């Protein structure tokens, strides 16, 4: 299956915290960083997920925010560190390619004004911020 979602990372489920309707799934990425996904209990059952399962982590590039500063005091669970490896700009938008620390790559689509305000350039250290509710999972 081909997808339009640019961000597709492979990881291993390390923990599942079940709730009545929604659950959180903790995934260890190959580079050592973690991602949390908030998904329905039904989805976990349908995918047959458990600790040790390999999954594809899917995140739309428009759901990846960036910061160059401190990330203390945020409720956003997914805070992935990396470096800008490429920046495409044009019109009103910019696309930042982020080489994650210890491996993997993310793409973030942000406004050109935001990229300019952050002073983004190739080599800039950033933290990608993704709400757990914006992370989808697929069984690998």
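When the convex hull of the Cα atoms of region 7-139 is projected onto a plane and the area is averaged over all directions, what value comes out in nm²? Mean orientational projected area (region 7-139, Cα hull): 8.0 nm². Using a ≥ b ≥ c from the Cα gyration tensor of region 1-56 (square roots of the eigenvalues), is it rounded, prolate or oblate, where a/c under 1.5 gives rounded and otherwise the larger of a/b and b/c decides, a/b for prolate? Oblate shape, in that a/c is at least 1.5 and b/c is the bigger or equal ratio.
Here the gap between residue 1 and residue 111, fully extended at 0.36 nm per residue and compared with their Cα-Cα distance, gives a gain of 36.6 nm.
No lab work stands behind these numbers, since they all come straight from the coordinates. If you're wondering where the values come from, they're calculated on a predicted model, not measured in any experiment.
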